[in-house]
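The values are calculated or read from the model by the stated rules, or taken from the named source; none is laboratory data. Not measured: the values here are computed from a predicted model. Every residue, glycine as well, gets a Cβ built from its backbone with ideal geometry; the counts of neighbours run over all protein chains shown.
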Amino acid sequence: MDNLDFCVRYPFSNAAKELLEKESISPTPEIMDKGLARLKSALSGKWMKSTAVHESEKLAEVASYAVSRMILSYMRNRYLTNKFAVAEAKLAHSFFEKEGDGALGTISEELGISVKKENQSDRFVTIHGVNGILFVPLPAYLKFSPRSIDYKLVNRSVSNGFVSVNPHERRRLMEEAVRKKAGEIPQLRGGVPDSIKKAAENLKSDLPKIEPQSTVTFKEGDNPPCMEKLLESLKKHENLNHQSRWALAVYLTARGMSVEQIVSLYSNLPDFNEKITKYQVEHIKKRGYSVPSCATLLSYGICCADCRIGSPLNWKGKVWGAV
Amino acid sequence: MEKTWVQNSMDPNERQFVLKKFSAYYSNANIQIPSINQREFGFGNIKKIDARHLSFGSAEAFRTYLVTNTPLFVSHSAAYYERPDATPMERKGILGADLIFDLDLHAEGKYGVYAMLGKVKDDAIRLMEDFIVSDFGISKKEIILVFSGNRGYHIHVRDTDYLGLGSEERRELAEYANGIGLNYLNFFDVSGPKRALRIIGPKESDSGYRGRFAKAVIRAINEKTQTFSRKFSNIEERERFTNGIKEGNWSPNNFQSVQ
């Protein structure tokens, strides 16, 4: 029973996979519905906690994750896949907080983040008095740390191949690992069952009719490589960190894009929330932030070329007036 | 890609002589290329690479090729592939790649760099010892330091834990080594009222940039005393403060007696 609950919480785990194989569950209409509901709630930017009580319901819950992935594999829609990955990661994170050390360790290990409590070979400092410092192997830290300035390696304590993190940061790394794992959808093998095709049809009507895109179109080469890269990521529905979103919005505002246009562009983000985005972009416009300099962008890890222009606005020697 | 360099504009006799020497060298050379069967090779006689997408099943097969055909230029991929000889690139099936730190020098004129190579070598050794070994925890056995053949040094890391890193992650390591984005204010924890500030900061013995920062400040205070504060001309005050830093105590009241 404990194992079953664990699998409900972490349907991406090895335990869940083994459970489904052992029980040889076939996708019943109930499971198909749950799989579809999982995707629909992800699409609306929410994640639903399981309310299953009976064993069979719980099994169906675990199987619904696999069904969602089959539907995604058939649809091959990056927007939906990224939405799903973000929702699953947030859902898992909500459980991490209350998880005991043992289960958390198991799931962390499976995700490729094997933490150490202390490192005998070296002395470490406690940063800002946070207790319970953990040590994450550097390669895992690099793979799963969010691309934000707080997690930038240069500002972390790095020694002997380990990076120290506090328990909250460790859970954040795990969330990122779940997002990556859930977003990797394998190819469907063999024929596609009709039930999957039907579910996909049903979902299509919920997808934005025309994929949201900016109405201001830039010509190729209009923007410096860093901003171009962020715009490219947006088009591919990839997640952007806070600094990247902020820097891009300030830049686009300075280039004369309206709040509505920026919000519409940002609706490509897998965790898009119209209200929050609109508020933030309006705030940027109201405060009249100046576009971050190349040096700032470099420190944020956004700079990706050595254009030596001082500011993204100086790209190609032109200066676009701020609005 | 690693290169074996030779001047390309030479007369046929010189060329023959060089090729003979190369061939003799290759017949006994210690060929240390891990997972050689997963690497793509390129050879050249006119350009550095005239032919590529080649592969060898073993170091001995590679040696036989070099001894018999003796090209002027030889290079191998940093990446490991499932099918190193497949084309186009997408069909090779990338498995990972060595982590390579490239220290190049830019100087005026063709030979300007040679006078400065000693400095680059020192930097390469510092990068290897202070960062790659000490901070990244990579064993020296997994590292090779090679002369690029032209204007710098390359450090190859072959630790299997690092081979699967993507370009973003590799960039993060390079930025770490360059100190890009370092915010030293993060090192400090300030508490207490203004008159009796308690500042806890990095110690000399701390790992990574914290220790580097503490050491650099102590050195700077001792070397360029006047640029910091007149108080520090008093050797006792200076020592009191720098000894505080050694313990991680950066509080100004550490030298308050002269204020």
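The helices (runs of 4 or more DSSP H) falling completely within segment A:230-323 that include 2 or more residues that are under 21 Å from A:Phe144 (Cα atoms) and modelled with pLDDT under 85 map to A:294-300. Considering B:Ile143, B:Ile138, B:Ile155, B:Ile132, the condition of being of a type in the set (A, V, I, L, M) and over 30 Å from A:Asn241 (Cβ atoms) is satisfied by B:Ile143 alone. Tallying residues that are crowded, with 16+ Cβ neighbours inside 10 Å and under 25 Å from the mean Cα position of the chain (by Cα) within segment A:46-67 yields 9.
Out of the residues in segment B:148-162 that are surrounded by fewer than 19 Cβ atoms within 10 Å (Cβ to Cβ) and part of a helix (DSSP H, G or I), state the one that is nearest to the other protein chains (Cβ to nearest Cβ). In this case the residue turns out to be B:Asp161. Every listed requirement among (1) exposed (fewer than 14 other Cβ atoms within 10 Å of the Cβ); (2) in contact with a helix residue (DSSP H, G or I) (Cβ under 7 Å, 6 or more places away or on another chain); (3) among the small types (Gly, Ala, Ser) is met by B:Ala24 save one, (2).
What's the total number of residues in segment B:182-209 that are within 7 Å of chain A (Cβ to nearest Cβ) and touching a Phe, Trp or Tyr at 6+ places or on another chain (Cβ under 9 Å)? Summing the residues that are within 7 Å of chain A (Cβ to nearest Cβ) and touching a Phe, Trp or Tyr at 6+ places or on another chain (Cβ under 9 Å) in segment B:182-209 gives 5. Of all residues in segment A:148-166, those that are within 7 Å of another protein chain (Cβ to nearest Cβ), part of a loop (DSSP other than H, G, I, E, B) and within 21 Å of A:Ser299 (Cα to Cα) total 2.
Does A:Val192 satisfy the criteria of being farther than 30 Å from B:Arg212 by Cα, modelled with pLDDT of 90 or more and away from every other protein chain (no Cβ under 14 Å)? For A:Val192, the condition - farther than 30 Å from B:Arg212 by Cα, modelled with pLDDT of 90 or more and away from every other protein chain (no Cβ under 14 Å) - is not met.
With respect to (1) of a type in the set (A, V, I, L, M); (2) facing another protein chain (nearest Cβ under 8 Å); (3) without any contact (Cβ under 8 Å) to a residue 12 or more places away in the chain, the lone exception for B:Val133 is condition (2). Checking each residue in segment B:114-147 for being part of a loop (DSSP other than H, G, I, E, B), on the phi < 0 side of the Ramachandran plot and buried (at least 18 other Cβ atoms within 10 Å of the Cβ) picks out B:Phe136, B:Ile138.
The set of residues in segment B:172-181 being at the interface with another protein chain (Cβ under 8 Å from one of its Cβ atoms) and either within 12 Å of the chain's Cα centre (by Cα) or surrounded by fewer than 17 Cβ atoms within 10 Å (Cβ to Cβ) (or both) consists of B:Leu173, B:Glu175, B:Tyr176, B:Gly179.
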